[in-house]
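Working notes for the structure below.
Taken together, the values in this text are just the output of simple stated rules run on the coordinates, not laboratory data. Keep in mind that this is a model prediction, so the values were computed, not measured. Neighbour counts are summed over all protein chains in view; Cβ atoms, including those assigned to glycine, are modelled from backbone coordinates with ideal geometry.
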Amino acid sequence: MVSDREGEPVALRFLNEGYCAFVLKYTTNVAYPTPLIEASMAMAYIRENAEKYGIDPTNVAAIGFSAGGHLTGMLATMYDEKEVKTVLGERANLVRPDAVVLSYPVVTMEDRYTHGGTKCVISGSGKIHDEFLSIEKRVTANSVPAFLWHTMEDNCVRVENSLFLASAYRRAGVPFALHIFEKGWHGLSVCDEEVFDCAEIVAPFGHVEKWFGLAIDWLKSRGFQTRVKE
């Protein structure tokens, strides 16, 4: 499925901070490699049109939520897969993000901790080996720096997914930030009244909204600066 609250509301938050933002509605209910190829095409398009949109092509980040977090995790670790190179050719050199933000992401395909629906779809009902699609197994020293956040109470995509990935990043020596909030269910997005339309729902988890400011600070620390158009 496509979650509307994890698309435009997030893009508008980044826009409000002075960043160009794009929303990718990629094909759902289809197995690897289609989603990765579509995300790769989007990354290449953004860089190819950097001047048009006033973008620094050396500072292009990707953000994903839940199953979209798995796709963004593939961009961060599998951007040079042969399937991507076959479809994009020389444009494959434009795919690798400069940073990723992974929001309560599906990471592992390990049955005990994965999200069953995501695993079933992306693996083609088990046709692709678990380790190939487990992001924590694909991390290398060339993987993309990552900002991860999750809630401990998430009973849909368990917090172990982010913990596993952070540990893999640590072992590989790749920069990352990890924030675990105690309270909050799955799918909080930007965690405000725009996405939930009810202050009574937001109130118990309002502190989780801080993830966005933390992510902005992290991106800025990595050189993602806004500028006034000349």
Item to check | Cβ-derived FRET efficiency at R0 35 Å, I128 paired with E193, nearest 0.05 | outcome: 0.30
Checklist entry - Hey, in the GNM for the chain with a 10 angstrom Cα cutoff, which one of T114, T151, T58 fluctuates hardest? => result T58
Checklist entry - Who wins for biggest fluctuation among A21, A172, A67 in a Gaussian network model of the chain, springs between alpha carbons below 10 Å? => result A172
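If you filter the range 73-126 for trypsin sites (Lys or Arg not before Pro), then keep DSSP loop positions with at most 16 other Cβ within 10 Å, what is left? The partial results should precede the final answer.
Numbers: sites: K82, K85, R91, R112, K119; in loops: R112.
Those satisfying the criteria are R112.
Which net charge results for the neighbourhood of V159, defined as the other residues with beta-carbon distances under 15 angstrom from its beta-carbon, given Lys and Arg at +1 and Asp and Glu at -1?
On the way: positive: R112, R158, K183; negative: E110, E136, E153, D154, E160, E182.
It works out to a net charge of -3.
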Checklist outcome for this item: Rounded to 0.05, the calculated FRET efficiency for the beta carbons of H179 and V228 at R₀ = 35 Å is 0.70
Item to check | Net charge of Cβ neighbours under 13 Å - reference R171; Lys, Arg +1; Asp, Glu -1 | outcome: +2
Checklist outcome for this item: Between T28 and C156, the FRET efficiency computed from the C-beta separation at R0 = 25 Å comes out, to the nearest 0.05, as 0.90
Checklist outcome for this item: Rg/Rh over Cα atoms for the range 99-164, Kirkwood Rh, comes to 0.96
Checklist entry - Any idea how far apart E83 and I55 come out in nm if each label point goes 7 Å out from Cα toward Cβ? => result 2.3
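Give, rounded to the nearest 20 debye, the magnitude of the charge dipole that the range 59-120 has about its Cα centre when Lys and Arg contribute +1 at Cβ and Asp and Glu contribute -1 at Cβ. Present the calculation step by step, with values, prior to reporting the outcome.
Working: 6 positive and 7 negative charges, 12 e Å.
With Lys and Arg at +1 and Asp and Glu at -1, about 60 debye.
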Checklist entry - Over the alpha carbons of the chain, what is the largest minus smallest coordinate on each principal axis, giving the biggest first in Å? => result 52, 50, 33
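If you put +1 on each Lys and Arg Cβ and -1 on each Asp and Glu Cβ, how big is the dipole of the range 4-221 around its Cα centre, in Debye rounded to 20?
Values: 20 positive and 29 negative charges, 151 e Å.
For this selection, approximately 720 debye.
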Checklist outcome for this item: Taking the range 1-126, the equivalent ellipsoid from its C-alpha gyration tensor has semi-axes in Å, biggest first, of 24, 18, 11
Item to check | Spacing of the two label points (7 Å from each Cα toward its C-beta) at E38 and D111, in nm | outcome: 2.9
